[in-house]
Amino acid sequence: MHYLHTMVRISNLDAALEFYTHALGLEEVSRRDNEQGKYTNVFLKAPGDDVDMSVRKAPLIELTYNWQPEEYTGGRNFGHLAFAVENIYEYCARLQSRGIIINRPPRDGRMAFVKSPDGISVELLQIGDALPLAEPWLSMPNTGTW
């Protein structure tokens, strides 16, 4: 057995792709428009998840955009997506420069949370040991929920 993907329903394809690809840095692997079902699926992978795609796909996020508008409500039954990053401080600073709110700053040098445009929590974890405590993160308060 191996992990295939997590499907996340999105309400705005452009906003979701801006967040997941441009801000988070995920890479589009494939896209499929289904005229009969009236939806678009976009599959994304993390840049470090390079596997031989002819043998097995990397773990993917499947963004599902239904062409007929729907309102999605989040629940605690879905927790979050999680990604490991090389330098959590630099990564969070880059997200902030793109207008992404850091809901739970990396005060501990190890973990942060942000949200997608559709309210999906994304956990960011420092690869290896926690970084030394540093400002502005150390004294930055939480914003909203994660």
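Every number here is computed from the coordinates shown, using simple stated rules; none is lab data. What you see is a predicted model; the values in this text were computed from it and never measured. Ideal geometry is used to build each Cβ from the backbone, glycine not excepted, and the neighbour counts take in all protein chains shown.
Observations
- Taking trypsin sites (Lys or Arg not before Pro) across segment 83-115, the ones in a DSSP loop with at most 12 further Cβ atoms lying within 10 angstrom of their Cβ are ARG98.
- For the chain, the Kirkwood estimate of hydrodynamic radius, built from reciprocal distances between every pair of different alpha carbons, is 16.3 Å.
- Nearby lysines by direct alpha-carbon distance to LYS115 (threshold 21 angstrom, same-chain neighbours under 8 apart not counted): LYS45
- Based on the Stokes-Einstein relation at 10 °C and a viscosity of 1.306 mPa s, and on the Kirkwood radius from alpha carbon pairs, segment 63-145 is assigned a translational diffusion coefficient of 115 µm²/s.
- About the Cα centre, charge dipole magnitude for segment 69-146 (Lys/Arg +1, Asp/Glu -1 at Cβ), debye: 120
- The helix-based estimate of mean residue ellipticity at 222 nm for the chain, built from -39,500 (n - 2.57) per DSSP H run of four or more residues and divided by its residue count, is -2500 deg cm²/dmol to the nearest 500.
- With Cα atoms, 0 to 90° folded angle of helix 88-97 axis to the chain main axis: 70
- DSSP bridge orientation in the chain - percent antiparallel, rounded to nearest 5: 65
- When the convex hull of its Cα atoms is projected in every direction, mean area for segment 5-66 (nm²): 4.3
- ³J(HN,Hα), Karplus 6.51/-1.76/1.60, whole Hz, each residue of segment 19-26, x for Gly, Pro: 5, 6, 8, 6, 7, 6, x, 5
- A cut-off of 5 Å between modelled amide H atoms, ignoring neighbours fewer than 5 places along the same chain, links GLY25 with no other residue.
- Peptide packing for 19-29, 126-136 was compared via the average number of neighbouring C-beta atoms within 10 Å per residue; ordered from the highest value, the list is 19-29, 126-136.
- Lys/Arg +1, Asp/Glu -1 at C-beta; the chain dipole; positive extreme among THR6, TRP146, ALA58: TRP146
- Taking Cα centre as origin and charging only the Cβ of basic (Lys, Arg, +1) and acidic (Asp, Glu, -1) residues, the dipole magnitude of the chain rounds to 280 debye.
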